[in-house]
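Notes for the one structure printed next.
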Amino acid sequence: MAITSAGLAADLRQAVGRTHRRLRAQVGEAHLSYPLYSVLVVLTREGPTTPGRLAEIEGVQPPSMTRTVNCLAELGLVSKGPDPTDGRLVVVALTPAGEAEVRETRRRRDAWLTSRLARLAPDDRAVLARAAALLKEIAAS
């Protein structure tokens, strides 16, 4: 029986979704919700930025991002300070504790996935290596 594109799409969506949920469950010491952790990842990638820019990147309304940033600041994971070029704006930056939280969450997620991959036969890991390259290609287009 031939595999259809629609059938493969459904199988991949389901498998990727389940794997993603399992990875998201692997959290760092702060046990952050996904939206809170996602802001830390954005700050890791983008560097210090304004809450408005964070809201734009994350696709949320500015008041929601302000609450998120305040929560992260209360946890000591981000700092807030004046923009050096416009004192009316606030700039949000990762603290060392925020950087550590991102590193620890990534370490736990990598460990979880590594342990699952280690159970597979070498040929199956090779198939997944090729699939990972293809998924990156699909995501980039």
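The values are calculated or read from the model by the stated rules, or taken from the named source; none is laboratory data. No experiment lies behind these values; they were computed from the predicted model shown. Here Cβ is always computed from backbone atoms with ideal geometry, including for glycine, and neighbour counts include all displayed protein chains.
Here are some notes:
- For segment 67-90, the set of residues classified as among the charged types (D, E, K, R) and within 16 Å of Tyr37 (Cβ to Cβ) consists of Arg67, Glu74, listed by residue number.
- Of the residues contained in segment 51-71, one or more are found to be under 28 Å from Asp110 (Cα atoms), more than 17 Å from the chain's Cα centre (by Cα) and without any contact (Cβ under 8 Å) to a residue 40 or more places away in the chain.
- Count - residues of segment 1-16 that are surrounded by 11 or more Cβ atoms within 10 Å (Cβ to Cβ) and over 18 Å from Ala132 (Cβ atoms): 2
- Cβ-Cβ under 9 Å pairs, at least 6 apart or on other chains, segment 101-125 side of a type in the set (Gly, Ala, Ser), far side surrounded by 11 or more Cβ atoms within 10 Å (Cβ to Cβ) and modelled with pLDDT of 95 or more: Ala118/Arg125
- Look at (1) out of contact with any Lys or Arg (no Cβ under 9 Å at 6 or more places or on another chain); (2) surrounded by 12 or more Cβ atoms within 10 Å (Cβ to Cβ) and you find that Ala111 fails only one, number (2).
- Test: Glu104 is out of contact with any helix residue (DSSP H, G or I) (no Cβ under 8 Å at 6 or more places or on another chain) and within 28 Å of Ala139 (Cα to Cα): yes
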